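The values are calculated or read from the model by the stated rules, or taken from the named source; none is laboratory data. This one's a predicted model, so the numbers in the text were calculated from it and none came from an experiment. For neighbour counting, all protein chains shown are included, and Cβ atoms are generated from backbone atoms with ideal geometry for every residue, glycine included.
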Amino acid sequence: MTGRVDQLLAGYARGDAISQDARSIRDRLRASGVKSDLFVPADRIAPDVQGDCLPLEQYAAGAGNMVIYHASIGSPIDAVYHRTPARRIMRYHNITPASFYEPYDAGTAGILAQARDQLKTLADAARFVWCDSIYNADELRMLGCRNVGVLPLFYRPADLRTEPDPRMLDRLGGGLTNILFVGRLVPNKCVEDLVLAYAWYSRHFNPASRLLIAGSDRSCPRYDAMLKLLAGRLNLTNVCFLGFVSPTQLSACYRSAGLFVCASRHEGYCLPLVEAMAHGVPVLARRCGGMPEAMGTGGALYDEADPRDLAVLWSRLLGDDGLRRDLVASQVQRVAELDQRDLDADVRQLIKD
């Protein structure tokens, strides 16, 4: 492998799984002596990471270079990817179906629909497509895409742990049982299912409890507004919308949580599940998309549950000490498996000609 290996991303932000994936690939390439940068549309770079990537306008690669294109939504990077003379690799992270956004954001729904329409064309332009889950790879194979393989997100669970923010620990203390969700507030996450389940749980099982919702509220403002109106209408004063949290604040959320819950109906992988397991928090998630792959043999999965049934599951997982021990033991084993992964070997596979 000679020349540069650059990456194109639709956006770049701290705490974003795709950004973290690209950053890990870049850092390992650089450590091996390969020149590598991240290129992102200037208006999609978060202010606190401005110095960690370059504006897309500065991207200029020659035929002797390679480019890794991270596909997740329609973006100006698509046209750059098509024009580049560099050898092209696609990294497919899944595209959320537009139907989730249609009730809340017609503009984003249109972008997602267009991105799905163009997906096979973009995949066929690549020498190889590396997906971050079998679920995502199967989706492309069903479209008739060739040269598709699987390399999970580039991370080690040990790298996901950091010291907790003491002020956030104090804020989340007070003797209440904390039930935690982490992720962007977007419609496919189905956070309303968690709010409705918490209404049952707090009224029928444990009023001394709190639902913590940690994640950016900027991706779909109308959906975020709906969630807050729902919590208000149900008079759920202990549903806490924390917004975007720093890595140390996130660590405090995990440290304070008695249970991690995810009701998402569409996920390509879902890294917060592994983060929660790495922090020793029992995990309960819907059996959907790439989430069973992320969890492996760890944690607990459910198929479908109405709010009352989901509240019953929470009560059992929080109240049965033997079950919790078994659940955490299964997660410890899963985290140990993931920590043994040879990430450097996988990077070499990613860029192999």
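Rundown of residues vs (1) among the hydroxyl-bearing types (Ser, Thr, Tyr); (2) within 22 Å of residue 14 (Cα to Cα), yes/no style:
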{"residue": "247", "(1), (2)": "no, yes"}
{"residue": "256", "(1), (2)": "yes, yes"}
{"residue": "262", "(1), (2)": "no, yes"}
{"residue": "280", "(1), (2)": "no, no"}
{"residue": "298", "(1), (2)": "no, no"}
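Determine whether region 225-232 contains at least one residue that is assigned to a helix (DSSP H, G or I), basic (Lys, Arg) and under 15 Å from residue 161 (Cβ atoms).
Initially, region 225-232 is screened for residues assigned to a helix (DSSP H, G or I), giving 225-232.
Filter again for basic (Lys, Arg), leaving 228.
From what is left, the residues that are under 15 Å from residue 161 (Cβ atoms) are none.
No.
In the set 73, 95, only one residue is in a loop (DSSP other than H, G, I, E, B), under 30 Å from residue 225 (Cα atoms), under 19 Å from the mean Cα position of the chain (by Cα) and touching a residue at least 40 places away in the same chain (Cβ under 8 Å); that residue is 73.
For (1) assigned to a helix (DSSP H, G or I); (2) at positive phi; (3) modelled with pLDDT under 95, each residue gets a yes or a no:
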position	(1), (2), (3)
159	yes, no, yes
169	yes, no, no
174	no, yes, yes
185	no, no, no
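Being β-branched (Val, Ile, Thr), crowded, with 22+ Cβ neighbours inside 10 Å and modelled with pLDDT under 95 is the filter here, so list the residues in region 46-77 that pass it. Hit for region 46-77 is 77, nothing else. Among the candidates 286, 316, 325, 308, the residue that is buried (at least 17 other Cβ atoms within 10 Å of the Cβ) and assigned by TED's automatic domain parsing to the domain that holds residue 179 is uniquely 286. Evaluate region 57-80: report whether one residue or more is closer than 20 Å to residue 265 by Cβ, hydroxyl-bearing (Ser, Thr, Tyr) and touching a helix residue (DSSP H, G or I) at 6+ places or on another chain (Cβ under 8 Å). Checking region 57-80: at least one residue is closer than 20 Å to residue 265 by Cβ, hydroxyl-bearing (Ser, Thr, Tyr) and touching a helix residue (DSSP H, G or I) at 6+ places or on another chain (Cβ under 8 Å). Looking at 111, 18, just one residue is within 25 Å of residue 268 (Cα to Cα), in contact with a Lys or Arg (Cβ under 9 Å, 6 or more places away or on another chain), assigned to a helix (DSSP H, G or I) and not polar (S, T, N, Q), and that residue is 18.
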